[in-house]
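Undergrad: This structure is in structure tokens; I'll ask about it shortly.
The values are calculated or read from the model by the stated rules, or taken from the named source; none is laboratory data. Because the structure is predicted, anything quoted here is derived from the model rather than measured. Backbone-built Cβ (ideal geometry, glycine too); neighbour counts: all protein chains shown. For accessibility, only protein heavy atoms count, side chains too; no ligands or nucleic acids. Shrake-Rupley method; radii C 1.70, N 1.55, O 1.52, S 1.80 Å.
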Amino acid sequence: MTRLYLIMLFAAVILASCSSNEKPMSKEEQFVEDLLEKMTLAEKVGQLNQYTSRWEMTGPAPKDNAGAQDLSAQLKSGMVGSMLNVIGAVATRNAQKTVVENTRLGIPLIFGYDVIHGFKTMFPLPLAEAASWNPELARLSSEIAAKEAAASGIHWTFAPMVDVGRDARWGRVMEGAGEDPYLGSAFAKARVLGFQGDDLNNDLTIASCAKHFAGYAFSESGRDYNSVEIGDETLHNIVLPPFKAATEAGVATFMNAFNTIQGTPATASSFLQRDLLKDEWGFDGFVVSDWNSIGEMVPHGAAADLKESAYRAIKGGSDMDMEARAYIDYLEELVNEGKVDGALIDDAVRRVLRVKYRLGLFDDPYKYCDVEREQAMLYTGEHREAARKIARESMVLLKNDKQLLPISDKVKSIAVIGPLADDKDSPIGNWRAQGEANSAVSLLEGIKAAVGNNATVSYAEGCQLSIGARTFAHAMTYNETDRSGFTKAINAAKRSELVLLAIGEDCFQSGEGRSQTDIGLKGLQMELFNEIYKVNKNIVVVLMNGRPLAIPEIAEKAPAILEAWHAGSEAGNAMADVLFGKYNPSGKLPVSFPRTVGQCPIYYNHKNTGRPVPEAENMVLYSCFTDAPNSPLFPFGYGLSYTDFEYSGITLDKTELAKDAEVTATISLTNKGTVHGEEVVQLYIQDVAATYTRPVKELKGFKKVMLKAGETKEVSFKLTDKELGYYYPCGKYVVEPGQFNVFVGTNSVDVKQTQFSIL
Ligand code: NOJ
């Protein structure tokens, strides 16, 4: 046999074995390919176009009020693949029918909606839920939200927002899981699993969407929609991990972001959307743009006109255009001119069809449009009970100096005061989906129900917080002058043994587009506190808010503070459960609370700098402020209980380990108090010297442990490569040898410490 013959024979054998190993197409792939084959270019582009319904605008009105005039005609001609903000079994059925019965191929619409912290039954804000440090609760609330939304015709939520938020000035910090990528990843995963379950085809589940990819929370000065200038090391180690966790949990879709990142609009970033997300992470769902984020490339200065925006977005890997009308107007033209490869369009369409297939919409486009199911599923007693349980576990006890809490049944007179004390609306939150205005249980109602006849409860608003319009579309105006309610409030405080003072933020004060330069208490609230304090020092401040607040004076003077957030439909009952000790608080802050807005962004996992402050703070020529400490008012991970927990020192099963080996850290935890309670045990590490500087502490484990009074439990954490490495700016994950500090404790500051080395 000649050499050439041998080579040919070998090649033939290889080819044959390759083709015989080729996986046959799955049913899903086959379906999608067959359908794609039948589609014209115009029909394909239609699948990539998403409009809002005309009755709910969750962003500025688009170009020419796009689609408004002839929506029905556009639906019939197959120009629309998805709609957002169409709600209800009837409305979604009608829109679906228009498309399925009139278009050539009858490809169903996918209906998206912002189901952020509940659909009709409202749960605490996502930031608040993260304060429970119990991802199972987020999974449960997402599962219930999905059930309710699915019963109302919704296929797809634009949640979870998994942006790591370090800046309290940014109003959307309420929508995420706080400042830490490890905690954020745990919550990202839980929420995806909650919304989607293990089968998207199940009509109790909906598709989820990890957003906003990427860097949105790092907008300069916390001003929404602003530019983002973070380095690649921060991008890989802080911003991306929760997105990766969502992908690993099987998230069906991604949403990109309004911001530019190092000069590139996230919407046009092929590095993020193609190289990383679709290629490296293997994500096979689709990426939707944010509201007109394709169009916003023009004012960003990244495209001369909408046609160039469309070109950059599709090249960059944005598959569906929300509200810009860029794809529907220009993609066909761009393909026909040879500027955009038809294969890119096919790839995007394939992704959209895949998600529709997974939802089962090709089998039954109306499976989510059942009026009876809708009536039976929403706002049930069971859902509200879950909302109460989740809300009370999300609350954080920040101070309890005079043991005012839990409120003793010896207390016979309680004054419930403050602009938020009987506010039945703010607890519903900003992104309220179908949560009804004024439907929450207020603090006052919760307290009255809890005390029954055991004590008198007097109520006074004291002052209004805001004046004028309170809606998603308006900036707030605060009451700075009307003190007419002060006297009644002062009198109520005078004649009561205990004051519950409900202050903080109106729910429309935080959220999208609600950046603030002042994160203290707005309006007359601080003045009201001081007036009450003059006549009654037994004040429990109940905070309701969506962002960390800078409240140093309250923290100093008030003997007790409960962070209750905007806690959802059952807020008042949940607050009463905590205040009366029916539930022993176990929440821990998922964000640092600054002393002053000038410290923002403030976060525990910062770098050490070359000049860390040696002993005292406020030293010149060191990395500190000269007019305020570096430390936060309340640190990340902080939260008290009605009982005391004692931590032993940390023991390690080894102090030197080979690369790729594991180490286990153990502490014993004792409940020294007289009541049972849960403690969130937190483990942090520090890679002391590394090629690229590492934070002073990084959360790498947490466990929520229930202990009876007097009980001791051992708590262990295993540290592996997964926890001990980090990403180089190029995106490579590396575990470096050297010394590691390990910290275990009750928050990010109050910790025991030991160390080990990787050889
Ligand atoms: C803009 C927001 O940034 C995004 O999170 C939301 O899903 C869309 N509007 C749709 O309402």
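Undergrad: Of all residues in the range 299-337 being among the polar types (S, T, N, Q) and open to solvent by less than 10 Å² (accessible area, probe 1.4 Å), which is farthest from the ligand (Cβ to nearest atom)?
TA: Ser309
Undergrad: Considering the range 325-358 alone, what residues qualify as being part of a loop (DSSP other than H, G, I, E, B) and touching a residue at least 24 places away in the same chain (Cβ under 8 Å)?
TA: Correct list: Arg325, Lys339, Val340.
Undergrad: It is to be established whether one or more residues within the range 387-399 are in contact with a Gly (Cβ under 9 Å, 6 or more places away or on another chain), more than 30 Å from Glu29 (Cα to Cα) and surrounded by fewer than 18 Cβ atoms within 10 Å (Cβ to Cβ).
TA: No, every residue in the range 387-399 fails to be in contact with a Gly (Cβ under 9 Å, 6 or more places away or on another chain), more than 30 Å from Glu29 (Cα to Cα) and surrounded by fewer than 18 Cβ atoms within 10 Å (Cβ to Cβ).
Undergrad: Hey, another quick one. Out of the residues in the range 191-212 that are among the aliphatic types (A, V, I, L, M) and open to solvent by 10 Å² or more (accessible area, probe 1.4 Å), state the one that is nearest to the chain's Cα centre (by Cα).
TA: Going through the qualifying residues, I end up with Leu193.
Undergrad: Just for the range 255-298: of the residues that are within 16 Å of the ligand (Cβ to nearest atom) and in a helix (DSSP H, G or I), which one is surrounded by the most Cβ atoms within 10 Å (Cβ to Cβ)?
TA: Thr267
Undergrad: Same structure again: Search the range 597-635 for residues being among the hydrophobic types (A, V, I, L, M, F, W, C) and out of contact with any Lys or Arg (no Cβ under 8 Å at 6 or more places or on another chain), and hand back the single one that is nearest to Tyr684 (Cα to Cα).
TA: Going through the qualifying residues, I end up with Phe634.
Undergrad: Another question, if that's okay. Considering the range 218-254 alone, what residues qualify as being open to solvent by 10 Å² or more (accessible area, probe 1.4 Å), within 13 Å of the ligand (Cβ to nearest atom) and of a type outside the set (D, E, K, R)?
TA: The one that is open to solvent by 10 Å² or more (accessible area, probe 1.4 Å), within 13 Å of the ligand (Cβ to nearest atom) and of a type outside the set (D, E, K, R): Tyr225.
Undergrad: Could you check how many residues of the range 658-708 are part of a loop (DSSP other than H, G, I, E, B) and either open to solvent by less than 50 Å² (accessible area, probe 1.4 Å) or in contact with a Pro (Cβ under 6 Å, 6 or more places away or on another chain) (or both)?
TA: Final tally of qualifying residues: 7.
Undergrad: Which of the residues that make up the range 103-120 are within 14 Å of the ligand (Cβ to nearest atom) and assigned to a loop (DSSP other than H, G, I, E, B)?
TA: Selection gives Asp114, Val115, Ile116, His117.
Undergrad: Follow-up question, since we're still on this one. Check the range 512-531 and report whether any residue there is open to solvent by less than 10 Å² (accessible area, probe 1.4 Å), away from the ligand (no atom under 16 Å from the Cβ) and under 23 Å from the mean Cα position of the chain (by Cα).
TA: Within the range 512-531, one or more residues are open to solvent by less than 10 Å² (accessible area, probe 1.4 Å), away from the ligand (no atom under 16 Å from the Cβ) and under 23 Å from the mean Cα position of the chain (by Cα).
Undergrad: State which residue is nearest to Lys537 (Cα to Cα) when the search covers only the range 408-441 and only residues that are among the hydroxyl-bearing types (Ser, Thr, Tyr) and surrounded by fewer than 24 Cβ atoms within 10 Å (Cβ to Cβ).
TA: Ser413
Undergrad: Would the range 532-548 turn up any residue that is crowded, with 21+ Cβ neighbours inside 10 Å, over 20 Å from the mean Cα position of the chain (by Cα) and of a type in the set (Gly, Ala, Ser)?
TA: So far as the range 532-548 goes, no, none of its residues is crowded, with 21+ Cβ neighbours inside 10 Å, over 20 Å from the mean Cα position of the chain (by Cα) and of a type in the set (Gly, Ala, Ser).
Undergrad: Still on this structure, please answer the following. Among the residues of the range 78-88, write down those that are out of contact with any strand residue (DSSP E or B) (no Cβ under 9 Å at 6 or more places or on another chain) and buried (at least 20 other Cβ atoms within 10 Å of the Cβ).
TA: Answer for the range 78-88, where residues must be out of contact with any strand residue (DSSP E or B) (no Cβ under 9 Å at 6 or more places or on another chain) and buried (at least 20 other Cβ atoms within 10 Å of the Cβ): just Gly78.
Undergrad: Specify the residue that is nearest to Phe286 (Cα to Cα); the eligible residues are those in the range 223-254 that are aromatic (Phe, Trp, Tyr) and not in a loop (DSSP other than H, G, I, E, B).
TA: Step by step, filter the range 223-254, then rank; the result is Phe254.
Residue-by-condition table, conditions (1) within 15 Å of the ligand (Cβ to nearest atom); (2) surrounded by fewer than 24 Cβ atoms within 10 Å (Cβ to Cβ); (3) within 11 Å of the chain's Cα centre (by Cα):
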residue	(1), (2), (3)
Ala150	no, no, no
His155	yes, no, no
Ala168	no, no, no
Glu175	yes, no, yes
Asp180	no, no, no
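Undergrad: Sticking with this structure for a sec: Can you say whether Gly572 is touching a residue at least 12 places away in the same chain (Cβ under 8 Å) and surrounded by 24 or more Cβ atoms within 10 Å (Cβ to Cβ), as far as the supplied structure shows?
TA: yes
Undergrad: Report yes if Glu497 is open to solvent by 60 Å² or more (accessible area, probe 1.4 Å), of a type outside the set (A, V, I, L, M, F, W, C) and at pLDDT 95 or above, otherwise no.
TA: yes
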